[in-house]
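The values are calculated or read from the model by the stated rules, or taken from the named source; none is laboratory data. These numbers come from a predicted model, not from an experiment. A quick note on method: Cβ atoms are made from the backbone with ideal geometry, for glycine too, and the neighbour counts reach across all protein chains shown. Ligands, DNA and RNA are stripped out before the accessible areas are found, and what is left, the full protein with its side chains, is counted by its heavy atoms. Shrake-Rupley method; radii C 1.70, N 1.55, O 1.52, S 1.80 Å.
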Amino acid sequence: MSLINVLDLIGTFVFAISGTLAAREKKLDIFGAIFVASVTAIGGGTTRDSILGATPVFWIMDPNYLIIITAAVAFSVLFKKIVAQLRTTLFLFDTLGIGVFTFIGTQKAMLLGVPPVICIVMGTFTAVLGGVIRDTLCNDVPLIFREEIYATACLVGGSVFVILHQFNIDDTICTWTCITTVIGIRLLAIKYHLTLPKLD
């Protein structure tokens with residue numbers, strides 16, 4: 001298993017935890033928690049594959065994703081005090097996760113031969129759409145629409161990947177430049193409280 005695959009599963013685990021926490025705040029039952037955790041973790045990739053016609057979608061071919069999601073829900077329920085104390089760690093893994101998911105989505109779309117701008121959109125969908133679905137199901141305004149530089153970081157990271165690839169830069173450099181760009185923008189935005197302009 002490659003490093004990217006490992007990071008992908010770690011991102012899935014953390015996204016599933018965030019979905020479980022959202023479900024707990026809304027006092028959903030265990031089925032609701034598993035459902036919300038699942039759409040948070042794999043909703044973006046599922047939407048991407050469905051739009052691109054890449055079927056069966058990725059998690060159907062690899063049951064590890066469902067195992068990871070189930071483990072994340074169980075961990076969140078059984079060790080909720082520990083999870084509450086790991087907010088900073090989970091944030092860092094979440095940030096790493098969106099970087100990896102952006103790369104995976106952008107690369108998959110590129111391999112399927114779609115136009116570069118659509119590759120960037122698919123990378124962003126992979127990273128953020130699960131969270132949008134989570135917040136919508138929980139009757140909240142999605143986080144990316146009201147605060148924080150989140151989707152913007154993914155758009156920039158995906159754009160960097162596509163541009164470097166157009167210049168035939170080594171795949172490893174393209175990959176890690178994309179991921180680190182997303183992570184860097186996200187961390188800088190949090191540190192300096194950067195947000196997009198709001199509509200009055």
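Quick notes on this structure:
- On a per residue basis, the convex hull of the C-alpha atoms belonging to the stretch 52-200 measures out at 150 Å³.
- Set of the stretch 110-126 residues, backbone N closer than 18 Å to the point 7 Å along the Cα-Cβ line of Thr136: 121-126
- When only Cα pairs below 8 angstrom with a gap of at least 6 residues are kept, the stretch 90-185 shows a relative contact order of 34 percent.
- Relative contact order, percent, the chain [alpha-carbon distance under 8 Å, six or more residues apart]: 23 percent
- Long-range tail of P(r) for the stretch 142-200 (Cα pairs > 15 Å, %): 52 percent
- Stokes-Einstein D for the stretch 30-79, Kirkwood Rh over Cα pairs, 4 °C, 1.567 mPa s (µm²/s): 113 µm²/s
- The spacing between the stretch 83-154 and the stretch 160-200, judged by their C-alpha centroids, is 12 Å.
- Residue-normalised accessible area of the chain, expressed per residue, 1.4 Å probe, Å²: 53 Å²
- Remark: the Leu188-Asn168 segment gains 4.3 nm on full extension, using 0.36 nm per residue and subtracting the alpha carbon distance.
- Farthest toward positive dipole pole in the chain [+1 Lys/Arg, -1 Asp/Glu at C-beta], among Ile30, Thr106, Val14: Ile30
- Tensor-based shape of the stretch 93-150 (alpha-carbon gyration tensor, a/c under 1.5 rounded, otherwise prolate or oblate): prolate
- Anisotropy class of the stretch 45-125 from Cα gyration tensor, a/c 1.5 cut: oblate
- Of the residues Thr126, Thr95, Thr180, the one that moves most in a GNM of the chain with alpha-carbon contacts below 10 Å is Thr180.
- Short-range pairs are left out: with C-alpha atoms under 8 Å and at least six residues apart, the relative contact order of the stretch 87-145 is 28 percent.
- Rounded to the nearest 20 debye, the dipole size of the chain about its Cα centre is 480 debye, using +1 on the Cβ of Lys and Arg and -1 on the Cβ of Asp and Glu.
- Along the chain, longest interval not containing exposed trypsin sites (Lys or Arg not before Pro), exposed being DSSP loop plus at most 15 other Cβ atoms within 10 Å: 28-145
- Candidates per chymotrypsin sites (Phe, Trp or Tyr not before Pro) in the stretch 27-135, loop by DSSP, up to 16 other Cβ within 10 Å: Phe79
- Calculated from backbone phi, Karplus (6.51, -1.76, 1.60) coupling profile of the stretch 47-62 in Hz, x at Gly/Pro: 4, 4, 5, 5, 5, 7, x, 8, 10, x, 5, 4, 6, 5, 8, 9
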